[in-house]
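In what follows, a structure is listed as C-alpha cells, so that the remarks can point back to it.
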Amino acid sequence: QVQLAESGGGLVQPGGSLRLSCAASITRFSSADMTWYRQPPGKERELVAGISSGGSTKYAESVKGRFTISRDNAKNTVYLQLNSLKPEDTAVYYCKAYYRSKYYWGQGTQVTVSS
C-alpha cells in the first residue's frame, strides 16, 4: 500500500524559507511522477510543482523562481524548497504520487507565512 508523509511545514516570516519533504512508501519510487499541490484557506487546491520519473520539472507561474522541486530516489523522498515566501503562499501543502496508473495523496503539511 502506497503511503505519503509530508513534513517540514510551519510558521515563517515573509521573505523566509522552508523545505518540505514527502517520504513515499513506493517500491519503485524512481518510476513515480511526484507533484506538490497546495490549498489556501477558502480556496481550491492548486498545482505548485511537479517532477517526473525522468526528472523533468514544472512549476506554477506564481512560484517560478522562488520554489524548487527535487527528488532523491535513494531516499524515496521528494522535496519542495520554498524561498522568498509571501503571505499568499499560506496553505496546506500536499504531496501526490502517480504510480502504476494510480494517484495517491498525502495528508498535507501547513505552511503559514506571517509577520
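The values are calculated or read from the model by the stated rules, or taken from the named source; none is laboratory data. What you see is a predicted model; the values in this text were computed from it and never measured. No Cβ is skipped: glycine too gets one built from the backbone with ideal geometry, and neighbour counts run over all protein chains shown. Calculation scope for accessible area: heavy atoms of the full protein, side chains included, ligands and nucleic acids excluded. Shrake-Rupley method; radii C 1.70, N 1.55, O 1.52, S 1.80 Å.
Here are some notes:
- Taking label positions 7 Å along the Cα-Cβ direction at both R19 and Q39, the computed distance is 2.8 nm, reported to one decimal.
- Using a probe of 1.4 Å on the protein chains alone, the accessible area found for T68 is around 70 Å².
- The number of Lys pairs in the chain with C-alpha atoms less than 26 Å apart, excluding pairs fewer than 8 positions apart on the same chain, is 15.
- Simple label model, 7 Å out from Cα along Cβ direction - S7 to A60, nm: 2.5 nm
- Counting only protein heavy atoms and using a 1.4 Å probe, the accessible area of Y104 comes to about 60 Å².
- Accessible surface, per residue, of the chain when the full set of protein chains is kept, probe 1.4 Å, Å²: 54 Å²
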